[in-house]
There are 2 protein chains.
Amino acid sequence: MTSAPNLAIFRSYASKPNPITLPPSILLSHSETCLTVFDAFPKSIFHFLVIPRIQPPLSARHLTDLRSLLRCEKSTARKVLMNLNEEANNVKKMIEEEMMKMYKFKWEIWMGFHPISSMEHLHLHVLSADLYSPKMKSKKHYNSFHPSLGFFLHLKDVLSWFDAVPSYYQRMIKLDASQYQSLLKDGDLCCWQCDRALESMPKLKAHLQDEFGKLTTREKAKSERKRKRTDVPVSSVQAMVTDDERPEKVARLTPSRGDDSSDPTLDVDLLS
Amino acid sequence: MTSAPNLAIFRSYASKPNPITLPPSILLSHSETCLTVFDAFPKSIFHFLVIPRIQPPLSARHLTDLRSLLRCEKSTARKVLMNLNEEANNVKKMIEEEMMKMYKFKWEIWMGFHPISSMEHLHLHVLSADLYSPKMKSKKHYNSFHPSLGFFLHLKDVLSWFDAVPSYYQRMIKLDASQYQSLLKDGDLCCWQCDRALESMPKLKAHLQDEFGKLTTREKAKSERKRKRTDVPVSSVQAMVTDDERPEKVARLTPSRGDDSSDPTLDVDLLS
DNA sequence: TATTCCGATAGTGAC
DNA sequence: GTCACTATCGGAATGAG
């Protein structure tokens, strides 16, 4: 049984007068102007979508996607992006707190848009920099989040267009679909960290798992050195906490387990 | 573990001074000039390969495939084909006897060549006109045996080239590979009996099973009418024979069971 | 046009 | 560039005296 896709589901969220009516399994947080939902198919360990609420002076059609927003009056568009940025920064802080609770270290977080989307309402991706997830299945998935391929448009870059000369602004907001599409299909599968080309998705996923494993090893060594310097031992009680005993709150920001279970484990035990 | 392909295995059979050294699971019969083996991957209920033995004046390279044979001196080539034809007619009789034992009726038998082959020795396909087999898996398989698509070259047609005007003979024996290749890939999946196009191999296979079921139904009705006319009842003893009790000889010409078992059953019970 | 295995690719259906 | 399912297509390996 597959759940029915609803390409306008974000629009229905964005039009809710009271976002809190959304279940906590969908809604993470909201502000006057935005709401943040869990990505139903997270492509990283942490993956959220920040969505602009439908409010005057903008209607749903202005917020269909990034291109439609960027065709609005410039200061209006910028205001929407700034609101998304503010909410995304709050989400970033929540993720970083959770990273510390779950993994004992933080790593980078990306914020950005897809220039083309099947979902019919603008959404800003906020995701941890790992691309390590059971839901990462296709080349299209991967390349759409690769941080330097060109398809993933970092929010700070989009905002920088507004401060550039008008001709540059005009050129960038075109967002020609065909050029972006070719990025997803024609590009190789290159590790976003070491730039090595992988021959297939299974090999890429194994490599990403390996890279994340190395990250945890590095960070563990780093905190070990710090512990020795400061002579403050890690609490042995906290270190012994198991999955079963861990408070519910701890895993609240990470994907629920259970499906795609044959994929590589996303396990905190990589730390130990 | 996959069995090792040996693209020259037929050549090794063809060079044996005494074919009877081949195990009965491989060799069906032989003559002075030919031998007949079971097709290891039968694409019909009955499927054999008649192979010319390597004998003077021809060497292995003359018998690599149909094209190399047809580049030999014309009367020599014709002689090889006539020898294959004679052996194939004997095989046809054996199949028809087995059809009567197993199915209580006979159906058409095709004899023909593939203009392109991976196996490195000429082989004449002799197979029952059903294309109903668990080993029939791909479009390429199917179209290579479709009796009117053009890839399957009926022996009688090839022999007819020899009696045509020389210009026609010269044109036909070219056997241009690229043209024949496109037949397999570009053609639709059309039922060879009713010419209906099927959308996929699974649907084609279901249709072929249905067609064979209808054939058995027709033939059963026909023999029933005949029984009434002649008033000679079918032996109830023979009608009650089960798979377990059936003498070994009965199933000797049909594929062994056991692999590809999830495919549609090839069962005599279609008759009952 | 040997098979089989693996993986990428293409089309569809979902309400 | 929604997912998930089915099927097709495409390359590479296969063996080993």
Q: Return the only residue of B:Asp130, B:Asp157 being acidic (Asp, Glu) and surrounded by 20 or more Cβ atoms within 10 Å (Cβ to Cβ).
A: B:Asp130
Q | Count of residues meeting criterion [open to solvent by 60 Å² or more (accessible area, probe 1.4 Å) and in contact (Cβ under 8 Å) with a residue 40 or more places away in the chain] in region B:176-186 | A | 2
Q: List the number of the failed condition for A:Ile20; all other conditions in (1) more than 16 Å from DNA strand D (Cβ to nearest atom); (2) open to solvent by less than 50 Å² (accessible area, probe 1.4 Å); (3) hydrophobic (A, V, I, L, M, F, W, C) hold.
A: (2)
Q) In the list A:Leu153, A:Leu175, which residue meets the criterion of being at positive phi, more than 14 Å from every other protein chain (Cβ to nearest Cβ) and more than 9 Å from DNA strand D (Cβ to nearest atom)? A) A:Leu175
Q. Taking B:Ile9, is it within 15 Å of DNA strand C (Cβ to nearest atom), away from chain A (no Cβ under 14 Å) and open to solvent by less than 40 Å² (accessible area, probe 1.4 Å)?
A. no
Q.
Looking at the structure I just gave you, is B:Met99 open to solvent by 10 Å² or more (accessible area, probe 1.4 Å), more than 14 Å from chain A (Cβ to nearest Cβ) and modelled with pLDDT of 95 or more?
A. no
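With the condition being farther than 21 Å from B:His123 by Cα, I'd like the helices (runs of 4 or more DSSP H) fully within region B:147-192 carrying at least 2 qualifying residues.
Values: elements: B:155-163, B:166-172, B:177-186.
Answer list for region B:147-192: B:166-172, B:177-186.
Is it the case that A:Arg78 is within 16 Å of DNA strand C (Cβ to nearest atom) and either over 16 Å from the mean Cα position of the chain (by Cα) or small (Gly, Ala, Ser) (or both)?
no
Determine whether A:Lys222 is more than 14 Å from every other protein chain (Cβ to nearest Cβ), modelled with pLDDT under 95 and surrounded by fewer than 11 Cβ atoms within 10 Å (Cβ to Cβ).
Judged against the criteria, A:Lys222 is not a match.
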Q: Could you tell me whether region A:187-200 includes any residue that is surrounded by fewer than 17 Cβ atoms within 10 Å (Cβ to Cβ), away from every other protein chain (no Cβ under 14 Å) and at pLDDT below 95?
A: yes
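Would you point out the residue of region B:201-219, among those that are open to solvent by 60 Å² or more (accessible area, probe 1.4 Å) and within 18 Å of B:Ile45 (Cβ to Cβ), that is farthest from DNA strand D (Cβ to nearest atom)? If you could, list the steps in order and put the result at the bottom.
If we filter region B:201-219 for residues that are open to solvent by 60 Å² or more (accessible area, probe 1.4 Å), which is where we start, we get B:202-203, B:210, B:214, B:217-218.
Those left that are additionally within 18 Å of B:Ile45 (Cβ to Cβ): B:210, B:214, B:217-218.
Details: B:Asp210: 16, B:Lys214: 22, B:Thr217: 25, B:Arg218: 28 Å.
Result: B:Arg218.
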Q.
Could you check region B:128-145 and list, in sequence order, the residues that are within 11 Å of DNA strand C (Cβ to nearest atom) and either within 24 Å of B:Pro52 (Cα to Cα) or in a strand (DSSP E or B) (or both)?
A. B:His141, B:Ser144, B:Phe145
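The values are calculated or read from the model by the stated rules, or taken from the named source; none is laboratory data. What you see is a predicted model; the values in this text were computed from it and never measured. Note that we place each Cβ from the backbone using ideal geometry, even for glycine, and neighbour counts take in every protein chain shown. Ligands, DNA and RNA are stripped out before the accessible areas are found, and what is left, the full protein with its side chains, is counted by its heavy atoms. Shrake-Rupley method; radii C 1.70, N 1.55, O 1.52, S 1.80 Å.
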